[in-house]
1. How would the stretch 77-161 be classified by its alpha-carbon gyration tensor: rounded, prolate or oblate, with rounded meaning a/c under 1.5 and the a/b versus b/c comparison settling the rest?
2. Heavy atoms of the protein only, probe of 1.4 Å, neighbouring chains included. What is the accessible area of E3 in Å², nearest 10?
3. Taking only protein heavy atoms into account and a 1.4 Å probe, give the accessible area per residue of the chain in Å².
4. Please check: in the Gaussian network model of the chain (C-alpha springs, under 10 Å), which one of K30, K63, K78 has the largest mean-square fluctuation.
5. Starting from the Cα gyration tensor of the stretch 26-96, take the square roots of the eigenvalues, sort them a ≥ b ≥ c, and report rounded, prolate or oblate (rounded when a/c is under 1.5, otherwise prolate if a/b is larger than b/c, else oblate).
6. How large is ³J(HN,Hα), in whole Hz, for each residue of the stretch 122-137 in order, when computed from phi with the Karplus curve 6.51 cos²θ - 1.76 cosθ + 1.60 and θ = phi - 60°, using x for Gly and Pro?
7. I'd like the trypsin sites (Lys or Arg not before Pro) in the stretch 96-151 restricted to DSSP loop residues with at most 10 other Cβ atoms within 10 Å, sorted by number.
Amino acid sequence: MAEITIRPATPQDTAAVDALLQRTYPRLLKADYPPSVLVAAIPAMTRARPQLMSCGTYYLAIKGDEVIGAGGWTPDRKRADWADIRHVVTDDRHLRRGIGRALMDHSFDTARTAGVTNMECWATLTAEPFYASVGFQRIAPMVVQLQGAIDFPAIRMQRLL
């Protein structure tokens, strides 16, 4: 079995991240969201964010030459010691193999090194148990406004580093 490598994403990885998001999010989210929400939300959620692809703190999990996970963090705009977890995904064909945890551990380590002491994420209903397993605490349910005025139910979560 090939080893998993974690490295920063670059703009050249955009197509691979798009493909991962487009393949995986619809499959993972369908158990927790009604079709009426997904039909509107999936197109807005399955595109790599250009700012993430070049920020240096958004990472890819790579096995062989395949991107099997992505996720990272960005500094909070208002609080210097806080950061936000961003656009995490693990290929649905590789779930429960430590890929998401490896991405989160790497994110926690690099954020800590950068002086971050607190992290926040806006978890999908599907991902809440995963985030709880890596130390996040539920703060409150919320609605994320996606492109096109799409209301997407989520969970606001936080953790200390």
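The values are calculated or read from the model by the stated rules, or taken from the named source; none is laboratory data. These numbers were taken from a predicted model, which means no experiment stands behind them. Cβ placement follows ideal geometry from the backbone for every residue including glycine, while neighbour counts extend to all protein chains displayed. Remember, those area values only see protein heavy atoms, side chains included, never the ligands or the DNA or RNA. Shrake-Rupley method; radii C 1.70, N 1.55, O 1.52, S 1.80 Å.
1. oblate
2. In the full protein context, E3 sits at about 150 Å².
3. Counting only protein heavy atoms, the per-residue value for the chain is 52 Å².
4. Evaluated over the chain, the most mobile residue of the options is K78.
5. oblate
6. Rounded to whole hertz, the list is 10, 7, 5, 4, 5, 8, 3, x, 4, 4, 4, 5, 10, x, 7, 10.
7. R96
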